[in-house]
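First up is the structure itself, then whatever we jot down about it.
The values are calculated or read from the model by the stated rules, or taken from the named source; none is laboratory data. None of these values were measured; they are calculated from a predicted model. Positions of Cβ are generated from backbone atoms using ideal geometry, with glycine treated the same way; all protein chains shown enter the neighbour counts. Heads up: the accessible areas ignore ligands, DNA and RNA and are worked out on the full protein's heavy atoms, side chains in. Shrake-Rupley method; radii C 1.70, N 1.55, O 1.52, S 1.80 Å.
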Amino acid sequence: MAITKAVIPAAGLGTRFLPATKAVPKELLPLVDTPALEYVVREASLAGLRDVLMITGKTKGAMLDHFDRLWDLEAVLEQKGDIKRLQAIQDSAKLATIHATRQHAPRGLGHAVSLARKHIGDEPFAVLLGDDLIDPRDPVLPTMIQVRQRLGGSVVALIRVPPEEISLYGSASAQLVDPALLAGLAGPESSGAVFQLSDLVEKPDPGSAPSDLAIIGRYILDPVIFDALEHTEPGRGGEIQLTDALGDLASRPASQGGGLHGVLFTGRRYDTGNRLSYLKAVVQLAADHPDLGKDFSRWLLEFVPQLTLDHDG
Ligand code: UTP
């Protein structure tokens with residue numbers, strides 16, 4: 001079955017970015033001139049996922065407006081002859097058909113995904129988190145979709161992280177899948193080994209992680225996830241954790257939609273989930289930006305030698 005639907009949970013409180021996220025969702029914070037949410041919707045669209053359901057909190061309006069046609073703004077840009085910006089704002093409205101569902105209280109990522117049940121029905125679907133930006137030059141979703149088509153069950157994207165960082169992620173025990181089962185599967189260089197996963201833990205305590213493989217915010221899910229989420233008790237932080245429901249899927253038989261695989265991603269990725277990594281992402285994207293990259297890089301080269309490390313705290 002072709003996978004055409006994507007869910008973007010964007011109803012978290014974004015506390016790590018306060019006060020910026022008091023009225024603006026963190027998914028709309030700009031990376032140079034484009035909000036994280038637009039990168040993510042574009043990535044879904046390029047992978048053939050053109051039906052996008054956003055799980056929104058109190059700031060639904062702004063998120064939907066971003067993907068809407070804004071006729072008055074378009075008219076002003078047209079009058080000015082600013083064709084480049086006109087195209088940019090029209091382009092984001094063409095990426096996908098956008099739907100929205102409200103999560104009334106931030107009860108966790110798993111709870112947010114469970115709210116997609118009615119819209120998704122009985123189809124496999126993708127989940128993309130705005131906290132993780134995957135460079136369009138290194139797409140991972142097409143490989144994940146192929147792994148689902150070949151092996152069934154659900155698929156997550158993985159990265160390897162140093163021991164001191166694993167407690168920021170979900171982690172799992174992993175066994176390499178026999179490459180013969182994946183023969184002929186076309187994937188970019190950046191999406192490599194495929195693992196069968198078990199023993200999932202959300203944000204493991206340092207020293208107790210099952211491996212150095214961390215789950216990042218890209219998932220292809222079998223619809224049986226909705227049953228698993230219904231039976232998932234609140235976990236870490238009192239929230240319904242998607243990782244806990246994925247652990248349930250990993251232990252279910254394939255005949256019941258179970259099985260969980262992970263695709264190791266080694267391409268370019270920008271973490272925008274906390275302030276420091278967000279700043280690094282902005283600098284990387286600015287240095288690569290088609291209009292600004294050269295001027296910004298020149299300034300950065302002059303600025304960096306003046307830096308000192310004598311900050312208090
Ligand atoms: P995070 O826990 O990283 O994001 O959730 P947060 O809660 O927005 O941020 P902080 O920790 O308060 O700074 C990962 C993703 O899951 C979504 C978030 O919007 C984010 O994209 N999420 C999380 C929901 O949609 N609902 C929730 O109840 C929790």
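With r as the distance between the Cβ atoms of residue 287 and residue 181 and R0 = 41 Å, compute the FRET efficiency 1/(1 + (r/R0)^6) and round to 0.05. Efficiency, from the Cβ-Cβ distance: 0.55.
Computed with a 1.4 Å probe over protein heavy atoms only, the accessible surface of region 97-199 comes to 46 Å² per residue.
Of the trypsin sites (Lys or Arg not before Pro) in region 54-154, the ones in a loop by DSSP (not H, G, I, E or B) with at most 15 other beta carbons within 10 Å are 58, 69, 94, 137. Straightening the chain between residue 42 and residue 173 buys 44.0 nm, computed as 0.36 nm per residue apart minus the Cα-Cα spacing. Among the lysines of the chain, pairs that are 8 or more positions apart or on different chains and have alpha carbons within less than 17 Å of each other number 8.
Only protein heavy atoms count here; on that basis, with a 1.4 Å probe, residue 297 has an accessible area of about 40 Å².
Per-atom-type breakdown for region 86-220 gives carbon and sulfur 52% of the accessible area (1.4 Å probe, protein chains only). Computed with a 1.4 Å probe on the full set of protein chains, the accessible area for residue 33 sits at about 100 Å². The length gained on full extension between residue 97 and residue 149, counted as 0.36 nm times the residue separation minus their Cα-Cα distance, comes to 16.3 nm. Put simply, the amide H of residue 6, placed in the peptide plane, has neighbours under 5 Å in 51, 52, 53, 126, leaving out anything fewer than 5 places away on its chain. Here the dipole of region 15-144 is about 500 debye; that uses its Cα centre as origin and unit charges on the Cβ of Lys and Arg (positive) and Asp and Glu (negative). Taking all protein chains together and rolling a 1.4 Å probe, residue 151 ends up with roughly 50 Å² accessible. Its Cα centre serving as origin, region 256-300 has a Cβ charge dipole (Lys and Arg +1, Asp and Glu -1) of approximately 120 debye. Of the GluC sites (Glu not before Pro) in region 155-252, the ones in a loop by DSSP (not H, G, I, E or B) with at most 11 other beta carbons within 10 Å are 189. The phi torsions of region 255-265, fed into the Karplus equation with coefficients 6.51, -1.76 and 1.60 and a -60° offset, translate into couplings of 5, 10, x, x, x, 9, 10, x, 9, 6, 9 Hz, rounded to whole numbers, with Gly and Pro shown as x. Using the Cβ-Cβ distance between residue 233 and residue 165 with R0 set to 22 Å, the FRET efficiency works out to roughly 0.25. Each label point was placed 7 Å from the Cα along the Cα-to-Cβ direction; for residue 123 and residue 276 their separation is 4.1 nm. Fully extending the segment from residue 62 to residue 199, taken as 0.36 nm per residue of separation minus the present Cα-Cα distance, adds 45.4 nm.
Taking the 1.4 Å solvent-accessible surface of region 1-65 as the whole, the part contributed by carbon and sulfur is 60%. Computed over neighbours whose Cβ is under 14 Å from that of residue 154, the net charge equals -1, Lys and Arg +1, Asp and Glu -1.
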